[in-house]
Amino acid sequence: MTDIPKVAVVILNWNGIKYLRDFLPFVLASTWPNLDIVVGDNGSTDGSVAFLRSRYPDVKIIENKQNYGFTGGYNRVLAQVDAAYYILLNSDVEVEPGWIQPVIELMQSDEQIAAAAPKIRAYHHKNHFEHAGAAGGYIDKFGYPFCRGRIFYEIEEDKGQYDNAGEIFWATGAAMFIKKKYWDLSGGFDERFFAHMEEIDLCWRLKNMGYKIMYCPQSVVYHVGGGTLNAENPFKTYLNFRNNLLLLKNNLPFWHGAWVISLRFWMDLLALFRFLMEGKRKDAWAISRAHQNFVRKLFKGKFKNKIAPATKPALPLTGTYSRSIVWDFFIGKKTRFTDLEKTDLN
C-alpha cells in the first residue's frame, strides 16, 4: 500500500481500568505505521484517567464530563479525532499485531465500503466465535439480528467455515472500522439508543444511503463481552427490546415499518411470557417498560427519523434474511448459519 492512511483506534472507557490494564498493551503493539491510539473516557470514577497518564503518557485521552453512554460518548470523542479511518474498539478486546492491515486494505479497495468488521472470537474460548459479532452481522425480516457463527445463544466453533470476505448487514460495535467521511456523512450514532444496537442502526442507515458494510476474516480479535452490562442485566433487556423497535422505526419505510413493528409487539409479548414462566420477572417488566417508552416517545414526536423517508429503500438489502430467524431457530431447529437456505439470504 503506497498511500498509508491515518488510522485512529478509539477506545471508549467507563470505569474499565481492569480492561485497560489487560488489553491496552496489545493495542499498542499494533503494527500499522500511521496510527493514533485514543482513549475517550466517559466520566470514569475508578482512576482510569490517572492510570493512563502515569503508565501510557503517549496515549491521547479525551475526557467527557459524564457518562453519555456508548452512543453519546463516541459522538463527542470522535468529533475531536482527526484520521481517515476510525476503529471503534471495546476496552475488553485482545488484538493481534497485524489486525489492522487486512481490514484497511479491503476498505481501500472499494470507495463504496463505509464500514467493516474483523472476525470476532471469544476471549475465554478462543476457538469459538463471540456473541457480539462472530463472522458478520445479518438481520431477519422482523428486525431480529444474528450473525454468521452465532444465532441467539447458539455459538459455533470456528473451523474456517466463514473465512470468505464479503458484504454483511452490520459490523459489530466491539471492533468497528469506519471511514471518517462516512461517519460524518451519516451523523454518527443515534444517541437515543444510549447503548446496544446503535451499530446496527448506523450500518442500516449507511446501507440505505447506498454504501457497503464488509466482513474481513483475515483479521481476528478476541472479545470478553459483557464488560459493562452482562446478559442477565434487566437494563440490557430493556435497551435491547426498546432499541430494536427504534431500529425498525428509523430505517424502514413508513407503512412497512408500521406493519413490522405491530407484529413485533406481539412477538415481544411472547418473550415477556417466557421470562415470566422462567421466573425472570425483572426481565419481563423490562420488556413492558421498553414498549411503554417507545410508544410514549413515538407519540411525543421524539422518535423522528434521522434520514428523510424518501431515501429509504425497501428490503431486501445485502445481509438480510427473508424469513423469521425466531421461527427457524426455535421451531425449525436451524441453529447454525449453514442450516439456513441460501435462497432466503440476500
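Candidate cross-link partners of residue 65 among the aspartates and glutamates, defined by an alpha-carbon separation under 17 Å and a same-chain spacing of 8 or more, comprise 41, 46, 191. Fully extending the segment from residue 335 to residue 271, taken as 0.36 nm per residue of separation minus the present Cα-Cα distance, adds 21.2 nm. Normalised by the number of residues in the stretch 7-223, the average gap of Cα pairs under 8 Å and 6 or more apart makes the relative contact order 25 percent. Please report the relative contact order for the stretch 150-256, taking Cα pairs under 8 Å with a sequence separation of at least 6, and give it as a percent rounded to a whole number. The normalised contact order for the stretch 150-256 reaches 33 percent. Per the Kirkwood formula applied to alpha carbons, the stretch 148-273 shows a radius of gyration over Rh ratio, Rg over Rh, of 0.97. With 31 Å as the limit, write out which pairs from 180/333; 18/282; 159/280; 159/342; 18/207; 141/236 have Cα-Cα distances beyond it, or answer none. Where the Cα-Cα span goes over 31 Å, the pairs concerned are 180/333; 159/280; 18/207.
At q = 0.06, 0.09, 0.10, 0.15 Å⁻¹, what is the log10 ratio I(q)/I(0) for the chain, with the Debye formula run over Cα points and no solvent? The calculated log intensity ratios at q = 0.06, 0.09, 0.10, 0.15 Å⁻¹ are -0.20, -0.46, -0.58, -1.39.
In the stretch 7-223, the DSSP beta bridges split such that about 45 percent are antiparallel, to the nearest 5. Within the shell of other residues whose beta carbon sits under 10 angstrom from the beta carbon of residue 25, the net charge comes to 0, with Lys and Arg scored +1 and Asp and Glu -1. For the stretch 10-158, what does the alpha-carbon gyration tensor say about shape, rounded, prolate or oblate, given a ≥ b ≥ c as the root eigenvalues, a/c under 1.5 as rounded, and a/b over b/c as prolate? Cα axes put the stretch 10-158 in the prolate bin. Counting neighbouring Cβ atoms within 10 Å and putting the fewest first, the residues 55, 76 line up as 55, 76.
Where a number appears in this text, it was derived from the coordinates with a stated rule and is not lab data. Everything numeric here is computed off the predicted structure, so don't read it as measured data. Cβ coordinates were reconstructed from backbone atoms using ideal geometry, including for glycine residues, and neighbour counts include every protein chain displayed.
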